[in-house]
Amino acid sequence: MFNPERYRSFISLALAIVAMFIVGCSSVSEEPTPAYTPDQIALIEQYQTDLEGLRTRMGEIPALIAQKDWTNVRNLVHGPLGDLRFKMLTIAKNLSSSDQTKARDLSGEVFKYLVAVDAAAQDQNQERAFAGYDQLIATYKQFIDTIPERS
């Protein structure tokens, strides 16, 4: 016999399954939240420009070491490069949380190698000064790689 109650239940169940399938397959397209605010981007770019200038000044160190001009090596380390760690930490503080720790650690290492160059200059040890400089530059490049590219 024909039971309309039974068919209504079956149709309701089928419609519920179709509705669940349609809702489950649909996706809400949300715009990703920007990682950085415009103020953070401006600050990072400003300090990154400053770091580029300091990187140019770092390039003077090998010639001074080769000439054994220890006074000017130390003057460069304590003078223009004295703000290097502050600028690096300012950038690190404004990076995304996933990059902050790495950037802070790298800034500490850069400072450590800068101190090593200074100590080698004080001891007038050319070999250690070059080794410290090489490590300084390598670590500095790693730090720069943590900074997001400019848009």
*Out of (1) in contact with a helix residue (DSSP H, G or I) (Cβ under 8 Å, 6 or more places away or on another chain); (2) hydroxyl-bearing (Ser, Thr, Tyr); (3) closer than 17 Å to Gln142 by Cβ, the odd one out for Ser98 is which?*
(1)
*Please name all residue pairs, on different chains or six or more residues apart, with Cβ atoms under 8 Å, provided the first residue is in the stretch 92-103 and is under 10 Å from Ala35 (Cβ atoms) and the second residue is in a helix (DSSP H, G or I) and of a type in the set (A, V, I, L, M).*
Leu95/Ile44; Leu95/Ala103; Asp99/Ala92
*How about the stretch 68-151: which helices (runs of 4 or more DSSP H) wholly inside it have at least 1 residues that are within 11 Å of the chain's Cα centre (by Cα), more than 22 Å from Glu52 (Cβ to Cβ) and among the hydroxyl-bearing types (Ser, Thr, Tyr)?*
97-123
*Mind telling me which of the residues Ala103, Ala138, Ala129 ends up being under 22 Å from Leu43 (Cβ atoms), open to solvent by less than 90 Å² (accessible area, probe 1.4 Å) and of a type in the set (A, V, I, L, M)?*
Ala103
*asked:* From the list Gly24, Gly53, exactly one residue is modelled with pLDDT under 75 and in a helix (DSSP H, G or I). Which is it?
replied: Gly24
*Would you be able to say whether some residue in the stretch 56-70 is within 30 Å of Pro38 (Cα to Cα) and either open to solvent by 40 Å² or more (accessible area, probe 1.4 Å) or in contact with a Ser or Thr (Cβ under 7 Å, 6 or more places away or on another chain) (or both)?*
yes
*Answer with yes or no whether Leu43 is buried (at least 17 other Cβ atoms within 10 Å of the Cβ) and either without any contact (Cβ under 8 Å) to a residue 12 or more places away in the chain or among the hydrophobic types (A, V, I, L, M, F, W, C) (or both).*
no
_Every pair of residues 6+ apart whose Cβ atoms lie under 8 Å, when the first sits in the stretch 111-138 and is farther than 24 Å from Asp83 by Cβ and modelled with pLDDT of 95 or more while the second is open to solvent by 50 Å² or more (accessible area, probe 1.4 Å) and aliphatic (A, V, I, L, M)_ = Gln126/Ala66
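The values are calculated or read from the model by the stated rules, or taken from the named source; none is laboratory data. These numbers were taken from a predicted model, which means no experiment stands behind them. Neighbour counts run over all protein chains shown; Cβ positions are idealised from the backbone, glycine included. Keep in mind that these areas ignore ligands, DNA and RNA; they rest on the heavy atoms of the full protein, side chains included. Shrake-Rupley method; radii C 1.70, N 1.55, O 1.52, S 1.80 Å.
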